[in-house]
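Notes to accompany the following structure.
Readers should treat all values here as calculations from the given coordinates under stated rules, not as data from a laboratory. Bear in mind that the values here come from a model prediction, so they are computed numbers and not experimental data. Neighbour counts are summed over all protein chains in view; Cβ atoms, including those assigned to glycine, are modelled from backbone coordinates with ideal geometry.
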Amino acid sequence: MAQNATSQAPKWLNSTEMRAWRGYIVSSRRLLEALDIDLADHDLSMADYEILAQLSDAPERRMRMSELADVAMLSRSRLSHRMKVMETAGWIKRESCPSDKRGSFAVMTAKGWKAIVAAAPDHVESVRHRFIDHLSKADQVVLASIFEKVGSALREETSTES
């Protein structure tokens, strides 16, 4: 929910703020689109890659679906849709949770592991070419700090709204 939910006049963005905001929006959308295109040779989308990356780092390459949705920044319904596609591809399987009949696990299969191992070098090269190589080390430090600050504020907001 927006902070200005009352009848106050909005605090419009000045030209510097608007330039920063629009620059971020346009660049982030173009970057994600380019990264998605670069993964197409592996028959993966960015959402698929992110799910596989999260599972590849998880103990036994398995996570509760609810936790995976949170860390992959996907709604439960979007994750469910991706899971169907990824199960059909043979990259992931679902297992029921013995302690919670409503819960389930996403488990990376051997085929899923092969898919991410094959895609990872190209994905890293794409990230370098399309993003990292355009930034100095100082830019990278500043950008990391900026997004840690924004991410932290957003996490606090969502935790207080829950």
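Arranged from fewest to most other beta-carbon atoms within 10 Å of their beta carbon, Ile116, Ile92 become Ile116, Ile92.
Under a point spin-label approximation (7 Å from Cα along Cα-to-Cβ), what is the Arg22-Cys97 distance to one decimal in nm? The two pseudo-label positions are separated by 4.5 nm.
Length available on full extension from Ala34 to Ala89: 0.36 nm per residue minus the Cα-Cα distance, which gives 17.5 nm. When Val141, Val107 are sorted by how many other C-beta atoms sit within 10 angstrom of their C-beta, beginning with the fewest, the order is Val141, Val107. Rounded to the nearest whole Hz, the Karplus-based 3J(HN,Hα) values (6.51 cos²θ - 1.76 cosθ + 1.60, θ = phi - 60°) of segment 83-94 follow the sequence 4, 4, 5, 6, 5, 4, 6, x, 7, 9, 10, 9, with x at glycine and proline.
For a straight C-alpha distance cut-off of 28 angstrom, the lysines reachable from Lys149 (same-chain residues fewer than eight places away being disregarded) are Lys11, Lys137. Going from the fewest other Cβ atoms within 10 Å to the most, the residues Leu68, Leu13 appear in the order Leu13, Leu68. In summary, the lysines within cross-link reach of Lys101, defined as a Cα separation below 30 angstrom excluding same-chain residues under 8 places away, comprise Lys84, Lys93, Lys111.
Within the listed set Ala144, Ala58, Ala110, the Gaussian network model of the chain (springs between alpha-carbon atoms below 10 Å) gives the highest mean-square fluctuation for Ala144. Using just its DSSP H runs of length 4 or more, each adding -39500 (n - 2.57), the chain gives a mean residue ellipticity at 222 nm of -21500 deg cm²/dmol after division by all residues. The length gained on full extension between Ala118 and Met46, counted as 0.36 nm times the residue separation minus their Cα-Cα distance, comes to 24.5 nm. Scanning the chain for chymotrypsin sites (Phe, Trp or Tyr not before Pro) lying in DSSP loops with no more than 16 further Cβ atoms inside 10 Å, the longest uninterrupted stretch between such sites is 13-130.
Listed options for Rg/Rh (Cα atoms, Kirkwood Rh) are (i) 1.03; (ii) 0.98; (iii) 1.37. The value calculated from this structure is the one marked (i). Rounded to the nearest Hz, the phi-derived 3J(HN,Hα) couplings of segment 51-57 under the Karplus curve 6.51 cos²θ - 1.76 cosθ + 1.60 (θ = phi - 60°) are 5, 5, 5, 4, 5, 5, 8, where x marks glycine and proline.
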